[in-house]
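A.B. asks: Handing you this structure, nothing more for now.
The values are calculated or read from the model by the stated rules, or taken from the named source; none is laboratory data. Just so we're clear, the structure is a prediction, and the values are computed from it rather than from any experiment. In this analysis, Cβ positions are derived from the backbone assuming ideal geometry, glycine residues included, and neighbour counts consider all displayed protein chains. For the accessible areas, the whole protein counts, side chains as well, though only heavy atoms, and no ligand, DNA or RNA atoms are used. Shrake-Rupley method; radii C 1.70, N 1.55, O 1.52, S 1.80 Å.
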Amino acid sequence: MRMKPLSIRNILLVTVAALTLIITLLAAQEVVVNWQRLVRIQSLKEAVVISDKLFDATEKLGDERDIAYTVLHAPDRETADSLRARLKESGEAADVAFNVGMEALKEYNFPELQQFRVEIETQLSGIQALRKQIDQAAALPIGQRNNALSDRWFAESTALIMQIQDLWVEFSRHFVDIDPIVTQHLRYKHFLRVISDYTGRQRAIIGRLIVENTDPTPEEFAQLLRGQGIIELSWKMTYVLASQSGLYASVAPYYTDAQSHYQTLYDMVRDIFYVPGARHNASYPIGVDLWLELSSQSKESFDAFRNASLKEIRRYVERLEIQAKQTIALHSLLLFFALALCLYSFRVIIYRVIRPINGMVAALVAATQGKPVAVMPLVANREDEIGKLAKVLHVFQETGERYRALVEASSQIIWTWRPDGTGNMETLFAWWEKTTGLPGNQMLPYGWNSVVHPDDREWTKALWTKAMAIGENYDMEYRLLRHEGGVCWVYVRGIGLKNPDGSVRELVGALNDVTERKEAEAELLAYNRALERSNRELDDFAYIASHDLKEPLRGIHNHSCFLLEDNEGKMDAESVKKLNRLVYLSQRMEHLVNDLLYFSRLGRQELAIQQTDINEVIKDIENTLDHFLAEHKARLHIPVPLPTITCDKPRVTELFRNLITNAVKYNDQPEKTVEIGFLATHASSQGTAYKNVFYVKDNGRGIAPEFHEEIFRIFKRLQNSKDADDGTGVGLTFVKKIVERHGGKIWLESEPGQGTVFYFTLEGANDDTAKTI
């Protein structure tokens, strides 16, 4: 029997209940885990205290061992008596530290520690018995002391220290997995103990040798060398572990002081006790009192370093405890918040979602069918998501109506097409039938291709087939055959829509009749071609006319010269004057023709583009015009170095030469100055900003504003100079043509009596080089 599917209400309720349970369990699990971690951290905190007490016990035992060893080998009664008080004090301190550490350790019932406790207590009993014998032996003269007693004391006290260290190592194993930094701290403390133990052994052996003034035995020498190696390795390991765990920053001064003290003490005795036969039967250069003083200072600095380290380690464990408590508080708060949120969600789902959702279902179904939807009364006073959804449905209805109206009013023809050859072509059918004469229903699935222009059928069908196969977007412009004759151009654009599995669902697009645009483009193309042909014919005409005009001009010039030569002294002054005027006019006409020919060439010849240093261009011009500039008392001034640009170097040279010579010719100042410069940006008087602007500035007569455009006309001259007969009035015309051939712009700024500045660019006035401000 088929089960009835769960309703939305039941699904929502079950989902929220499941989420509530999951969130609660996760939050509770975090609380429990962090609580367990807190308990272990608190246990670790106590263990660190016990560890420090055991450390202190080994330190005190080491002090007692070293002092007792020195007392037993004191050469005189006075030295022995001075050390017996310290020996007694160190023994009492060792017992107190040991008892405190072992008592605290009883709180931990780790089975593997029981055997260590028994062995340590047994060993301690032997140590306590030896103390009495050592005290009695210290009161005797050195000749009556038992030498074996010192060796036994040293061995048994060292064994007790090692047993306590082994106990500590076994005890610490229970806490190494709580935190990785704590694990490093435990290893760090182990090497501190090693340094303390072996430096104590060194002090004891060296102290005995100094007291007895004897050379170390081979066994003692080996112990000293081995101990020194272990100590140096332990110092390095403490530095590495302190750095890795972040401890070093806090204990660096203590570390440096302790290590420096030890190294200084070792350097002092290295050549005496660590080199075989170094004494050569002479007395040691260091006395027992000095040795005890120096070694005590070294030990004090090490104790300060050790205490600082243990203090920082305890602080780290305390921070771990605080962090664990904070984490528990945070997760407890999250647990409470999750429960409150889930309860609130139940209420919202039941009263604000499930009840109104049934009414919304009917409205949604009606909306998908294009029917009017009256959902607003259902949620008239709602401003939540349900109310907003109702408003959205209402907007969708209005949007659909507006969309249909816009499609009908638009010049675009909207369509959809599916891979099975069906689609929504209602808005396309009427235009299609009117244009092609083909019934609209014959367009589907591929009937439309039959009225495409024969030259466009193959490629349009290929693009269309590809788009339908893979859902690729496409753009096409092609021709359709009109039923009354001729063609029309259409632009079709489509966008592919795909299903979630990647298959093509449909194409949605628009069709535009672009016949008028295509016809306008064809007319514009024909006009441009005609304009190019006209310009080419004009250039050819100017070129040919310039050549043809030269022949009669040369004839007039030559015949006039012949008449003057042949009739010299025969003609009156008026006739000679007229013939000379004719010679001058023919020469000037030839100059005008040459300039016209050159001007026509400027428009036809390709530019010889190359990298050009404008500083070299100006220098060449100045060298060429040196006589001209000296004659007119003129000088060129370049305020800053000019750039290197890409241009036609000969043309640009001519450009600057024309501007410079004009600035000198039409200048009435006794001292003429021409400034050539470059500006990264400059705004013209019309408010247009340009980049990479050259300028040529003079201090001459100036030009009235109404002539600022007039002076660029060919053969136009506004004023005369004493050199005016040498020119034809085409220099500025050439300048403008050269600038325009480089894609630039030229303009001037001038007032009568205030000089003139010609500005120009040589890189075009596009969006990057000019803008209106």
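A.B. asks: Leaving ligands, DNA and RNA out of it, report the carbon-plus-sulfur percent of the accessible area of the range 606-772 at a 1.4 Å probe.
C.D. replies: Ligands and nucleic acids excluded, carbon and sulfur give 45 percent.
A.B. asks: Here is a further query. How many angstrom lie between the Cα centre of the range 627-698 and the Cα centre of the range 487-537?
C.D. replies: If we compute the Cα centre of each part, the gap is 49 Å.
A.B. asks: Using per-residue counts of other Cβ atoms within 10 Å, averaged over each peptide, order 466-474, 198-206 from highest down.
C.D. replies: The most tightly packed comes first, giving 198-206, 466-474.
A.B. asks: Just want the answer: with Cβ charges of +1 for Lys and Arg and -1 for Asp and Glu, which residue in Ser750, Phe678, Ala608 is farthest toward the dipole's positive end in the range 606-772?
C.D. replies: Projecting each Cα onto the dipole axis, the largest value belongs to Ser750.
A.B. asks: Could you sort the peptides 94-103, 635-644, 182-191 by per-residue average Cβ neighbour count (10 Å cutoff), highest mean leading?
C.D. replies: For the peptides 94-103, 635-644, 182-191, the packing ranking is 182-191, 94-103, 635-644.
A.B. asks: Using modelled backbone amide H atoms (1.01 Å from N, in-plane), which distant-in-sequence or interchain residues come within less than 5 Å of His453's amide H?
C.D. replies: When sequence neighbours closer than 5 places are left aside, the close amide H contacts are Arg479, Leu480, Leu481.
A.B. asks: Right, here's the next one. So which of Lys578/Lys736; Lys577/Lys665; Lys132/Lys236 end up more than 31 Å apart, counting from Cα to Cα?
C.D. replies: Lys578/Lys736; Lys132/Lys236
A.B. asks: Which order do the peptides 696-703, 56-63, 212-219, 495-502 come out in when sorted by mean C-beta neighbours inside 10 angstrom, highest first?
C.D. replies: Descending mean neighbour count gives 56-63, 696-703, 212-219, 495-502.
A.B. asks: So which of Lys672/Lys745; Lys189/Lys311; Lys649/Lys745 end up more than 22 Å apart, counting from Cα to Cα?
C.D. replies: Where the Cα-Cα span goes over 22 Å, the pairs concerned are Lys672/Lys745.
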